[in-house]
Amino acid sequence: MQRLKSILFVIGIMLFILAVTLIYVSITRLRAVLPADSYEDKGIFTFQPYQVLPVQVENTGASGRNRRMNPTRTVYMVYYRDTAGKGYQWQDQAVSRDVGQQVVNAGAPVERRVLGISAKGTYITIEAEQTAESYTVGLRNGYMGILGLSGAYILLYLLVWGILWIRKRSM
């Protein structure tokens, strides 16, 4: 029984630290979300795949020694360009080089909405059915959900510890 209590204590502390970290990250990213009127809708464009290239990314799937020995991993990105010739590009991660090459060989067009960010002089692409408002609302809702769940866990954690402290004091 004592072993189970110590395991639960360590898991609780780890989840508490994770919740605090998630709150920090959520608030940071929530503050970085631009308002919907910061985006200029450039319209819906058709994008055609044209190449697959390997890209090195941080190896977040490994831990400990394995991460130290292999700090990066290779993923395959399928690159798309707009068929209108405006110079817009988009990329999507493929499961493997072969799957990515099949996408390029099939040449299936993809429709995406282009939103210009005039303050940064750049653009993003989103799903064609989304708008700038729905995109920003989706980002905010995601970060608020993480914030709410993390806050609820912290409150629950503190409540349980408060109850245990009161019970211990009254004995």
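The values are calculated or read from the model by the stated rules, or taken from the named source; none is laboratory data. Just so we're clear, the structure is a prediction, and the values are computed from it rather than from any experiment. Note: ideal-geometry Cβ built from the backbone for every residue, glycine included; neighbour counts use all protein chains shown. Accessible surface areas use protein heavy atoms only, side chains included; no ligands, DNA or RNA. Shrake-Rupley method; radii C 1.70, N 1.55, O 1.52, S 1.80 Å.
Annotation: of all residues in the stretch 144-171 being open to solvent by less than 50 Å² (accessible area, probe 1.4 Å) and touching a helix residue (DSSP H, G or I) at 6+ places or on another chain (Cβ under 7 Å), the one that is farthest from ILE44 (Cα to Cα) is TYR157.
Pairing residues of the stretch 4-16 that are without any contact (Cβ under 8 Å) to a residue 60 or more places away in the chain with residues that are surrounded by fewer than 10 Cβ atoms within 10 Å (Cβ to Cβ), at Cβ distances under 6 Å and at least 6 apart in sequence or on separate chains, gives no pairs at all.
For the stretch 26-33, the count of residues that are polar (S, T, N, Q), in contact (Cβ under 8 Å) with a residue 24 or more places away in the chain and in contact with an Asp or Glu (Cβ under 8 Å, 6 or more places away or on another chain) is zero. Within the stretch 12-42, the set of residues being open to solvent by less than 80 Å² (accessible area, probe 1.4 Å), assigned to a helix (DSSP H, G or I) and hydrophobic (A, V, I, L, M, F, W, C) comprises ILE13, LEU15, PHE16, ALA19, VAL20, LEU22, ILE23, VAL25, ILE27, LEU30, ALA32, ALA36.
Residues in the stretch 27-75 that are aromatic (Phe, Trp, Tyr) and out of contact with any Lys or Arg (no Cβ under 8 Å at 6 or more places or on another chain): TYR39 alone. Within the set ILE126, ILE146, the sole residue that is part of a strand (DSSP E or B), in contact (Cβ under 8 Å) with a residue 12 or more places away in the chain and within 28 Å of ILE23 (Cβ to Cβ) turns out to be ILE126. Are any of the residues in the stretch 57-73 part of a strand (DSSP E or B), touching a residue at least 24 places away in the same chain (Cβ under 8 Å) and open to solvent by less than 70 Å² (accessible area, probe 1.4 Å)? No, there is no match, as no residue in the stretch 57-73 is part of a strand (DSSP E or B), touching a residue at least 24 places away in the same chain (Cβ under 8 Å) and open to solvent by less than 70 Å² (accessible area, probe 1.4 Å). Scanning the stretch 62-96 for residues that are closer than 30 Å to ARG112 by Cα and small (Gly, Ala, Ser) gives ALA84, GLY85, GLY87, ALA94, SER96.
Matching residues to (1) touching a strand residue (DSSP E or B) at 6+ places or on another chain (Cβ under 8 Å); (2) among the aliphatic types (A, V, I, L, M):
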{"site": "ILE11", "(1), (2)": "no, yes"}
{"site": "ILE17", "(1), (2)": "no, yes"}
{"site": "ARG31", "(1), (2)": "no, no"}
{"site": "LEU34", "(1), (2)": "yes, yes"}
{"site": "GLU40", "(1), (2)": "yes, no"}
{"site": "MET69", "(1), (2)": "no, yes"}
{"site": "VAL78", "(1), (2)": "yes, yes"}
